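Student: Could you have a look at this structure, given as structure tokens, before my questions?
The values are calculated or read from the model by the stated rules, or taken from the named source; none is laboratory data. Quick caveat, the model's predicted, so the values are computed rather than measured. For neighbour counting, all protein chains shown are included, and Cβ atoms are generated from backbone atoms with ideal geometry for every residue, glycine included. These accessible areas exclude ligands, DNA and RNA; they are computed on the full protein's heavy atoms, side chains included. Shrake-Rupley method; radii C 1.70, N 1.55, O 1.52, S 1.80 Å.
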Amino acid sequence: MIALVTGASSGIGRDIARSLAKHGINVIITARRRDRLIELKNELMNEYGVKVMCIAADLSKEDHAFKLYDAVKKYNIDILINNAGFGVFGKFAETDLERELQMLDVNVKAFHILFKLFLRDFKKRGCGYILNTASIAGFMPGPYFSSYYASKAYIVRMTQAVAEELRKERSGVNISMLCPGPVATEFSETARVKFRSKPSNSEKLAEHAVREMFAGKIFITDSWLTSSLRVLAKIFPDCFAAAMAGCFQSKRERF
């Protein structure tokens with residue numbers, strides 16, 4: 001088997017690439033930072049003896065998403081880990097518009113392009129796995145992180161909708177979404193905000209996500225607490241969820 005992992009230079013993407021390699025799966029890893037990719041490539045090849053290819057791509061640029069697909073489609077990818085993404089923290093009226101648009105290009109547009117193109121290929125073959133990295137944030141409004149929460153809601157609803165289409169078709173393609181709470185990665189540095197609660201371990205989360213993906217689970221999270229938040233977000237009115245999320249986010253420290 002061969003997997004494509006986006007956002008593989010750090011955090012969840014890097015650790016999912018490690019988990020897949022540990023299971024003997026060859027990987028194509030992609031991100032903006034080529035030096036990080038080469039470092040990870042050497043690690044995976046030396047540690048697990050798998051084949052690894054690096055492709056540097058900036059998925060905030062639409063043409064890079066299409067070029068990435070064109071570069072790898074000949075390898076008949078079996079697994080897509082649609083993971084690239086980042087957040088922008090702050091009051092919506094005050095956050096940098098250009099940075100937010102870049103975030104939406106990665107979190108929504110590039111996600112959408114790769115999801116659709118690889119899904120078409122997988123459906124033709126009647127098999128394949130797609131794991132979309134969303135967030136528990138995708139189930140509620142998120143004051144002070146509004147654009148990020150909204151982008152993750154797009155991933156959640158798109159994944160749920162496509163999973164239902166495939167279920168009705170009795171397709172052999174498996175769709176999953178990873179929806180954790182805070183995770184110990186470089187995400188907080190990129191968003192320029194500090195977590196107040198203890199984040200989950202990225203390596204453990206990645207291994208859990210890979211196992212659950214192969215088990216055919218649609219909704220994958222990091223803990224019972226995060227799963228409970230999803231249930232509470234359904235029970236309480238959106239205005240209450242927004243107030244609670246806003247209270248939590250407003251206490252975060254910026255740097």
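Student: Only one of A17, A31 is more than 20 Å from F214 (Cα to Cα) and open to solvent by less than 60 Å² (accessible area, probe 1.4 Å); which?
Tutor: Details: A17 fails: more than 20 Å from F214 (Cα to Cα).
Result: A31 is the single residue among A17, A31 that is more than 20 Å from F214 (Cα to Cα) and open to solvent by less than 60 Å² (accessible area, probe 1.4 Å).
Every residue, every condition in (1) more than 28 Å from P143 (Cα to Cα); (2) among the polar types (S, T, N, Q); (3) out of contact with any Pro (no Cβ under 6 Å at 6 or more places or on another chain), yes or no:
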{"position": "I79", "(1), (2), (3)": "yes, no, yes"}
{"position": "G87", "(1), (2), (3)": "no, no, yes"}
{"position": "A93", "(1), (2), (3)": "no, no, yes"}
{"position": "Q102", "(1), (2), (3)": "no, yes, yes"}
{"position": "D121", "(1), (2), (3)": "yes, no, yes"}
{"position": "K124", "(1), (2), (3)": "yes, no, yes"}
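Student: Looking at A110, A84, A137, A93, which one is open to solvent by less than 40 Å² (accessible area, probe 1.4 Å) and outside any helix (DSSP H, G or I)?
Tutor: A84
Student: Moving on to the next point. Quick one: A150 ticks every box in (1) open to solvent by less than 50 Å² (accessible area, probe 1.4 Å); (2) assigned to a helix (DSSP H, G or I); (3) of a type in the set (A, V, I, L, M) bar one, so which box is it?
Tutor: (1)
Student: Another question, if that's okay. Any residue that is within 23 Å of I79 (Cβ to Cβ) and at pLDDT below 95 - is there at least one of those in segment 152-166?
Tutor: The first filter runs over segment 152-166 and keeps only residues within 23 Å of I79 (Cβ to Cβ), leaving 152, 154-166.
Of the ones still in play, those that are also at pLDDT below 95 are none.
No, segment 152-166 contains no residue that is within 23 Å of I79 (Cβ to Cβ) and at pLDDT below 95.
Student: Restricting attention to segment 123-132, report how many residues are open to solvent by less than 10 Å² (accessible area, probe 1.4 Å) and either free of Cβ contacts under 8 Å to residues at least 12 places away in the same chain or within 23 Å of F92 (Cβ to Cβ) (or both).
Tutor: Of the residues in segment 123-132, 0 are open to solvent by less than 10 Å² (accessible area, probe 1.4 Å) and either free of Cβ contacts under 8 Å to residues at least 12 places away in the same chain or within 23 Å of F92 (Cβ to Cβ) (or both).
Student: How many of the residues in segment 30-81 are part of a loop (DSSP other than H, G, I, E, B) and of a type in the set (V, I, T)?
Tutor: Count: 2.
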